[in-house]
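Here's the structure, in structure tokens; my notes come after.
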Amino acid sequence: MKTAAIGVLLVDDHFMVRRGLAVALRVEKDFAVVAEASNCEEMLAAYRQHQPHVVLMDWRLPGPNGAEATALLREEHPGARVLMLSALDGDEHIHLAVRAGAAGYVLKSAERGEIIQAIRAVHGGKSYFSPGLEALLHDRARKVEISPREREVLVRAAAGERNKEIADHLGISEATVKVFMARIFQKLDARDRAHAVVIAIKRGIIDPS
């Protein structure tokens, strides 16, 4: 008796990436790429129409990012199985994806066999993380959370703004900005502002783009 194919929805804003993934997956006789999407809106529409078994989701999408899109999908379809496929390996990216409901996280540098293995695992109700990422996620759980306000301060600092400029933009006092910066240094174990920005980018707390 022939088993049903694993239906996969590909979500990536780059056409050639989707094409490459589609070709790689269709080699597997029990896989079927049922639809493609380039953004969150298209993804939601495609999911409603095709009800895929697994959504292979990029992080960087126009509009809502992959984690935000995952949260929206899971809110509408709690049983949706999402596997994040991303070039971003910061612990914050992984944390946000998992918190949004993703069942796994695979790097785009992974070999085809690993991506296939990850899809099968997620389809089977398991989780899957590229080697090293699960440990990174566990390390992240032991770190102190950066608040949304602290993240805003970091983004401004990364843009080269001084304390007074940050204060003016955020509608707070310069003294408050200094307090936020002191907390950030402590939480990130940073020597100074530049070091804090480097750490925040590496961990995925802020996006350099």
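Observations on the model:
- Cα centroid separation - segment 150-209 against segment 60-121, whole Å: 27
- At the listed q of 0.13, 0.21 Å⁻¹, the Debye profile of segment 144-207, built from one uniform point per Cα, gives log10 I(q)/I(0) equal to -0.27, -0.74.
- Per-residue packing, averaged as other Cβ atoms within 10 Å, sorts the ranges 86-99, 38-51 into the order 86-99, 38-51, beginning with the highest.
- Cα centre as origin, Lys/Arg/Asp/Glu Cβ charges: segment 30-166 dipole, Debye: 260
- ³J(HN,Hα) computed for each position of segment 125-130 - Karplus, 6.51 cos²θ - 1.76 cosθ + 1.60, integer Hz, glycine/proline x: x, 9, 10, 8, 10, 4
- Relative contact order [Cα under 8 Å, 6+ residues apart], segment 27-118, whole percent: 24
- For segment 6-140, a/c is less than 1.5, where a ≥ b ≥ c are the root eigenvalues of the C-alpha gyration tensor. That puts it in the rounded class.
- Acute angle (nearest 10 degrees) that the helix 91-100 long axis makes with the longest principal axis of the chain, alpha-carbon atoms: 60
- Degrees, to the nearest 10: 133-142 long Cα axis against longest axis of the chain: 40
Only the coordinates and a few stated rules stand behind these numbers; no lab work does. Predicted, not measured: the structure shown is a model, and the values here were computed from it. So basically every Cβ, Gly included, is an ideal-geometry build from the backbone, and we count neighbours across all protein chains shown.
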